[in-house]
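Written out below as structure tokens is the structure these notes cover.
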Amino acid sequence: MRMKNKYRKPTTLRCNAGTRCSFPVMVWSLVGCLLMLHLYSLVCRKHGVGGEIQMRKDHHHPLFHELEEVEEEDIRIPPPKGKRSPRAAKRRPKRPTTLIEEFLDESSQLRHVFFPDEKTAIHPMKDATNESFYYYPGRIWLDTDGNPIQAHGGGILYDEKSRKYYWYGEFKDGPTYHAHKKAAARVDIIGVGCYSSKDLWTWKHEGIVLVAEETDETHDLHKSNVLERPKVIYNEKTGKYVMWMHVDDANYTKASVGIAVSDSPTGPFDYLYSKRPHGFDSRDMTIFKDDDGVAYLIYSSEDNSELHVGPLNPDYLDVTRVMRTILVGQHREAPAVFKYQGTYYMITSGCTGWAPNEALAHASESILGPWETMGNPCIGGNKVFRQTTFFAQSTFVLPLPGLPGSFIFMADRWNPADLRDSRYVWLPLTVGGAADRPLDYNFGFPLWSRVSIYWHKRWRLPYTWKEKNQ
Ligand code: DGJ
């Protein structure tokens, strides 16, 4: 005899007064809705929603007044008959045809667009009136002594003790040359520059906190080698400031990380040693300190074909044995990691030397992966701007305390003809809205929030942020 199970849910549901929907009808309606949604997302993508400039206006976002002003750029390539220097004509018989070629051409008539001259420099000690606190991506940025800031491939540490920001980066104030015919443009190592600030706009030079080795040719930091992308974090347990960096020889075959340590954010940092982390080659890298105090090393490896991520020891002076491979086969470098509402995000670049290329945003629930690629985060400018990360390459993403979901995206506009004159491209980055690229495991439905980096010729942080944070 069949017993009636009083706990079993009925297979028909009451949809609205009087009508009854059967279970299969419900299922098929749901499938239909999902298909419609999927079709809609495909159409949107085809018609450029998300791919093209799409202002997702979030009226509650603290940076809203900035986002409203996202700018378009209309840069015209000079006419073919434009006279170019005989030197350039000799070197390159055909005139450059793309904006990227123009960018890389030392004698381009558009040079001033990408590398505006010193007349337009940001001078915090002079511009202390109307122009105060405005960022002008790509312009020369002077420190409080009136010298161009030298902190390329850098990152920022907020120091709770001094309540100051410290910006560390490659001090490249030397001549650019090629070690041999096929070698990339380079500047001899001078060291790691350090600048301090309370407002993220006025930067005081604190000196070169890790200096190159002048005489000992066997030293990792001998001036003929390579020191790139230094990043500093503070270790609460040891009370030390720990710096990780990419160290290499001029041919980029050493492919190692270097570690230095100091008692003070302004150095001097003592260089400890270099190594190939987990036994692998390591080129572009960054470190990320999580909310629980565990820090991680993230580096491009296997000839830049993939990234590796692994936790550091509690003293932050070495890696542990744990390591995961991520973004395998994607050929990404210049990683910049940040976290928002429990999700990890990362911006990376492609691998094209000093030439700019398209940024990608990635997201993961765990820093150890799996990481998913979400697409190009750049919004505004114009198509070429977006395809070249605004002619720059990611280096760091700085969370803005007191403005949840708001970050500063820090990038380098490398100038391969004169690396010391490379520029900084700082832009507002926000997390919110749906991602615009179908992900691997989600049947086309966005799992993550979109990461957006907005182009502005001129922008500033909200005044309220400055007041609260000084
Ligand atoms: C791209 C890297 O991101 C930079 O840090 C630097 O290593 C250049 N390549 C050298 O060509």
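Coordinate-derived values only; no laboratory data. Predicted model only: the values in this text are computed from it and were never measured. We place every Cβ from the backbone using ideal geometry, glycine too, and count neighbours over all the protein chains shown.
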Give the residue list of GluC sites (Glu not before Pro) in the stretch 213-279 that are DSSP loop and have at most 13 other beta-carbon atoms within 10 angstrom. Glu214, Glu217, Glu236
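Work out, step by step, the length gained on full extension between Leu110 and Asn313: first 0.36 nm times the residue separation, then minus their alpha carbon distance; give nm to one decimal.
Computed gain between Leu110 and Asn313 is 68.3 nm.
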Work out, step by step, the length gained on full extension between Lys126 and Ser224: first 0.36 nm times the residue separation, then minus their alpha carbon distance; give nm to one decimal. 31.6 nm
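Assuming R0 = 56 Å, what is the FRET efficiency of Tyr273 and Arg163, from their Cβ-Cβ distance, to the nearest 0.05?
Taking R0 as 56 Å, the efficiency between Tyr273 and Arg163 is 0.95.
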I'd like the FRET efficiency for Glu217 and Asp291, computed as 1/(1 + (r/R0)^6) with the beta carbon distance as r and R0 of 41 Å, rounded to 0.05. 0.45
For the stretch 316-332, take each phi angle, set θ = phi - 60°, evaluate the Karplus expression 6.51 cos²θ - 1.76 cosθ + 1.60, and give the result in whole Hz per residue in order, putting x for glycine and proline. 6, 9, 7, 8, 9, 7, 7, 8, 10, 8, 9, 6, 4, x, 8, 6, 10
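Please report the relative contact order for the stretch 99-468, taking Cα pairs under 8 Å with a sequence separation of at least 6, and give it as a percent rounded to a whole number.
With pairs under 8 Å counted, the relative contact order is 13 percent.
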Can you flag which of Lys254/Lys457; Lys119/Lys231; Lys164/Lys254; Lys383/Lys466; Lys181/Lys223 are past 27 Å Cα-Cα? Lys254/Lys457; Lys119/Lys231; Lys164/Lys254; Lys383/Lys466
Once label points are set 7 Å from the Cα along Cα→Cβ at both Ala417 and Lys181, what is their separation, rounded to one decimal in nm? 2.4
Hits among aspartates and glutamates - C-alpha to C-alpha of Lys172 under 14 Å, sequence gap 8 or more where chains match: Asp188, Glu228, Asp412, Asp418, Asp421
The extension gain from Thr238 to Ser305, computed as 0.36 nm times the residue separation minus the Cα-Cα distance, is 20.6 nm
Can you compute the modelled spin-label distance between Thr464 and Ser264, with each label point 7 Å from Cα toward Cβ, in nm? 3.8
